[in-house]
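> Okay, handing you the structure first.
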Amino acid sequence: MLISWSVLKRSKFWLLPILLLVAGLIIWMKSQPAQTLTKLLPLPQHTQIQAFFNQNPVNSYLEPYRGIQRPGDDLESIIIAEIDRAEQSIDIAIQELKLPRIAWALAKRQQAGIKVRVVLENNYSTSWSTWTAADVAKLSDRERSRYQEFVKLVDIDGNGQLSGVEIDRRDALKILANANIPIIDDTANGSSGSGLMHHKFMVVDSKKTIVTSANWTLSDVHGDLSRRETRGNSNNLLVIDSVPVAQIFAQEFSLMWGDGPGGLPNSQFKAGKPERPAVTIPVGDSQVTIHFSPSAKSQDWATTTNGLIGQVLGRSQSQLDLALFVFSEPQLGEVLETSSARQVPVRLLIDREFAYRPYSQMLAMLGVTCSSSNRRAWAKPITTAGVPELPSGDLLHHKFAVIDKSLVITGSHNWSAAGNYKNDETLLVVASPVVAAHFQREFDILYRSAKFTLPAKLQNCSRSISGQEE
């Protein structure tokens, strides 16, 4: 914006500062990237369904373990705040719990007479501080790296040795054990724990429910201690204030808990659970549909969790945006292909570790044909599927879709056969434009910096996409 000297001379003297201020503001606004301006515009929250993201550009917090001031919602503090409000009971089903601040909050509520119960995945139900050198030697490279992160977290004085005091202060499972908080895992039914206990939810006082895609670990919530540039795997969290919703989750927890520690092996995990159809519950001016996995393979696919996802995707009219850790379910790929053929724009982001594996449905969507899998490439491939650019070490851990900017699919459920038929999983469908706006912004931010170029080894396998489109 240019202001001529003649205009300034004709203006009254008091207008000069205002004109200069306006001109400067316009120049500044034009120089700012869209994401910076977005930070100035927090979105309204639903009164009963609040949505949070650990990469949210609107908010920032001082991360407690590395002392980093970073953008995002502090998911750990949000969880702790709900724990601190508990008056009667706290039931948690979480694949992995390694955050000591959450453990301390639970210990305090247990000591205050609040009933606390925890269900874990059996691979993560033993304190890593009890592992011997022989145990560590058996780990894969990835798991050994995670173990080393745990040691760095607990080793407060940094001398390379874990003292009893350090373990009592920083080992989350030891903190829970010291507080006499009862814990079971998915072997409590007498099984070997096949499949995963992959839930990530907490029910407080049978009134409030937290559902998240994040495990309660440093890498999933805040970032790695050994990589200060990381900001945690991209994850979301919902706080739902609804007694009927909490009751549905309490029932799922009760199936798994059974008689608890030392009781009969009557806990029900995985396919040992009875069939539980999807339930839709009004929450204020919105609706929440809840479905738990796994489903029996003998069940009609349409009534499974993946089947519910397919039904919701199939109703799309104007837009489909997906941010997924894993996407390997062919039938859901077919639903998206049909939607795309109906001229519904489909955009997809997949974590870079899974995007180009043989079973990835993203390859089918891009028209790649040279994989050894039985995946069928789309007849009319799209160019709007790619991987987000994240700091090295961070993953896209979301499992969400936004449909027509009014519906959200989210939870712990990966879009795979294992998620559908083997694992204990949570799926939510939230019908609310207010909630959807939060997920839409998260997707748009990730999509703006995504890469859509195939790796060199796959480029020769791709059909001529430009020739396929009409």
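> State all residues of the stretch 86-142 that are outside any helix (DSSP H, G or I) and of a type in the set (D, E, K, R); if no residue qualifies, say none.
Glu87, Asp91, Glu96, Lys98, Lys115, Arg117, Glu121, Lys138
> Quick one: count up the residues across the stretch 243-290 that are not in a loop (DSSP other than H, G, I, E, B) and not acidic (Asp, Glu).
27
> A further question on this structure: Looking at the stretch 355-375, is at least one residue more than 23 Å from Arg142 (Cβ to Cβ), surrounded by 20 or more Cβ atoms within 10 Å (Cβ to Cβ), in contact (Cβ under 8 Å) with a residue 40 or more places away in the chain and in contact with an Asp or Glu (Cβ under 6 Å, 6 or more places away or on another chain)?
Checking the stretch 355-375: not a single residue is more than 23 Å from Arg142 (Cβ to Cβ), surrounded by 20 or more Cβ atoms within 10 Å (Cβ to Cβ), in contact (Cβ under 8 Å) with a residue 40 or more places away in the chain and in contact with an Asp or Glu (Cβ under 6 Å, 6 or more places away or on another chain).
> Evaluate the following for Asp444: is it in a loop (DSSP other than H, G, I, E, B), modelled with pLDDT of 95 or more and among the acidic types (Asp, Glu)?
Against the criterion (in a loop (DSSP other than H, G, I, E, B), modelled with pLDDT of 95 or more and among the acidic types (Asp, Glu)), Asp444 does not qualify.
> Quick check: anything in the stretch 384-393 in the same structural domain as Gly314 (by TED's automatic domain parsing), closer than 22 Å to Val344 by Cβ and free of Cβ contacts under 8 Å to residues at least 40 places away in the same chain?
no
> Can you pull out the residues in the stretch 375-387 that are in a loop (DSSP other than H, G, I, E, B) and closer than 15 Å to Ser360 by Cβ?
Arg375, Arg376, Ala377, Trp378, Pro381, Ile382
> Another one. When residues of the stretch 263-294 are filtered for being in the same structural domain as Thr426 (by TED's automatic domain parsing) and at positive phi, how many remain?
The total comes to 1.
> Among the residues of the stretch 56-73, write down those that are within 19 Å of the chain's Cα centre (by Cα) and touching a residue at least 40 places away in the same chain (Cβ under 8 Å).
Passing the criteria: Asn56, Pro57, Glu63, Arg70, Pro71, Gly72, Asp73.
> In this structure, is Trp257 within 21 Å of Pro182 (Cα to Cα) and in contact (Cβ under 8 Å) with a residue 24 or more places away in the chain?
Yes.
> I need the full set of residues from the stretch 130-175 which are over 14 Å from Leu99 (Cα atoms) and touching a residue at least 24 places away in the same chain (Cβ under 8 Å), in order please.
Correct list: Gln148, Leu162.
> Would the stretch 359-381 turn up any residue that is among the β-branched types (Val, Ile, Thr), at pLDDT 95 or above and not assigned by TED's automatic domain parsing to the domain that holds Gly193?
No; the residues of the stretch 359-381 include none that is among the β-branched types (Val, Ile, Thr), at pLDDT 95 or above and not assigned by TED's automatic domain parsing to the domain that holds Gly193.
> Something else about it: I'd like to check which strands (runs of 3 or more DSSP E) are fully inside the stretch 161-237 and have at least 1 residues that are among the aromatic types (Phe, Trp, Tyr) and crowded, with 21+ Cβ neighbours inside 10 Å.
Where strands (runs of 3 or more DSSP E) fall fully within the stretch 161-237 and carry at least 1 residues being among the aromatic types (Phe, Trp, Tyr) and crowded, with 21+ Cβ neighbours inside 10 Å, they are 200-204.
> Read through the list (1) within 30 Å of Val434 (Cβ to Cβ); (2) surrounded by 20 or more Cβ atoms within 10 Å (Cβ to Cβ), then give the number of the only condition that Val344 fails.
(2)
> In the stretch 345-365, how many are touching a strand residue (DSSP E or B) at 6+ places or on another chain (Cβ under 6 Å) and not polar (S, T, N, Q)?
Total satisfying the criteria: 10.
The values are calculated or read from the model by the stated rules, or taken from the named source; none is laboratory data. Just so it is clear, the structure is predicted and the values come from calculations on it, not from any experiment. Cβ: placed from backbone, ideal geometry, glycine included. Neighbour counts: every protein chain shown.
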